[in-house]
1. Just the accessible area for LEU159, please: 1.4 Å probe, Å², rounded to the nearest 10?
2. Compare the Cα positions of GLN119, VAL227, GLY190 along the charge dipole of the chain (+1 at Cβ of Lys, Arg; -1 at Cβ of Asp, Glu; about the Cα centre) and return the one farthest towards the positive end.
3. Give the long-range amide H neighbours of ASN131: residues separated by 5 or more places, or on another chain, with amide H under 5 Å away, using H modelled in the peptide plane at 1.01 Å from N.
4. Run through the DSSP bridge list for region 53-104 and note the antiparallel percent, rounded to the nearest 5.
5. Hey, in the GNM for the chain with a 10 angstrom Cα cutoff, which one of CYS121, CYS109, CYS238 fluctuates hardest?
6. May I ask for the percentage of alpha-carbon pairs in the chain that lie more than 23 Å from each other?
7. Could you tally the net charge around THR215, taking each other residue with its Cβ under 15 Å from the Cβ of THR215, Lys/Arg +1 and Asp/Glu -1?
8. Let me make sure I get this right: for region 234-297, a, b and c are the square roots of the gyration tensor eigenvalues over alpha carbons, sorted descending. Under 1.5 in a/c it's rounded, otherwise prolate if a/b > b/c, else oblate. Which is it?
Amino acid sequence: MTFYKHSGPRSYLTSTMTDRFDCYYCRDNLHGKKYVKKDEKHVCTKCFDKLCANTCAECRRPIGADSKELHHKNRYWHEDCFRCAKCYKPLASESFSARDDGKIMCGKCGSREDGNRCQGCYKVVMPGSKNVEYKNKVWHEECFTCFECKQPICTQSFLARGDDIFCAPCHEKKFAKKCFKCKQPITSGGISYQDQPWHSECFVCETCRKPLAGTRFTSHEEHVYCVDCYKTDVAKKCHGCKNPITGFGHGTNVVNYEGYAWHEYCFNCKKCSLSLANKRFVLNGEQIYCPDCAKKL
């Protein structure tokens, strides 16, 4: 919206003649009479009003030689007709705005009519008022609030989620990943294990609370353990060698049978030491035998 300012109304040049001089139209002698010079022609005031005067854009009547005239972009007004279309304030010596529909308005009414509307309250944001602009949209400063807590954001940092605006704390609370262990938001860093996010300080051994990031560990029933605590407190004991079955290193394969567990390399015939993994065997008491040795018992 562009504002204009007139230097003031203008009047046509009129004068009197001492030598005989005729009106361009009616040929009346202009000697001793008022006349108007228009387009290098001398015209009596009567002919001027009838044939040459511009038409007022407001009242649609001619603007006579004795009237003060204002013009803007090939349109003309009587001085008294040049008023705001909304509040009727005289604009002859005031700034004004010209709308596309031809209406002339004072600065205040023009701003109300054409100004940007607040995305919060949908009222006009007046020029000079405190406001916030974001992505070609505008808000009153007090209307630019967090979608979640409804508090004005003012000079705080904020984040957008679609068309909604959030202050940083609310965005963090609502959208940040939550730790699998403590269920609180992870604001920076963190660890991912089995597609679940963890705070690094929460990713510790369930028993001794030792941090597990960057170390060997294992899990059992949604809990994580360091190797030592898993061996001592959680792992099953091999029915053959009586050591923990941890799944680490040599002998990761396990044989389970009727509540007993063996390292695969320990699942051997008690008598001939033949490996019975993936073979037929006989359980006698708590010991296992190959079929041939079992027959000899």
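1. Here the accessible area works out near 70 Å².
2. Looking along the dipole axis, the top candidate is GLN119.
3. Residues meeting the amide H criterion: GLU141.
4. Values: 7 of 8 bridges.
Of the beta bridges lying entirely in region 53-104, close to 90 percent run antiparallel.
5. Between CYS121, CYS109, CYS238, it is CYS238 that shows the largest mean-square fluctuation.
6. Cα-Cα pairs in the chain separated by more than 23 Å: 77 percent.
7. On the way: positive: ARG209, LYS210, ARG216, LYS231; negative: GLU201, GLU206, ASP228.
So the environment of THR215 carries a net charge of +1.
8. Cα axes put region 234-297 in the prolate bin.
The values are calculated or read from the model by the stated rules, or taken from the named source; none is laboratory data. Computed from a prediction, not measured in an experiment: that's the story for all the values here. Every residue, glycine among them, receives a Cβ derived from its backbone with ideal geometry; neighbour counts consider all protein chains shown. Only protein heavy atoms, including side chains, enter the accessible area calculation; ligands, DNA and RNA are left aside. Shrake-Rupley method; radii C 1.70, N 1.55, O 1.52, S 1.80 Å.
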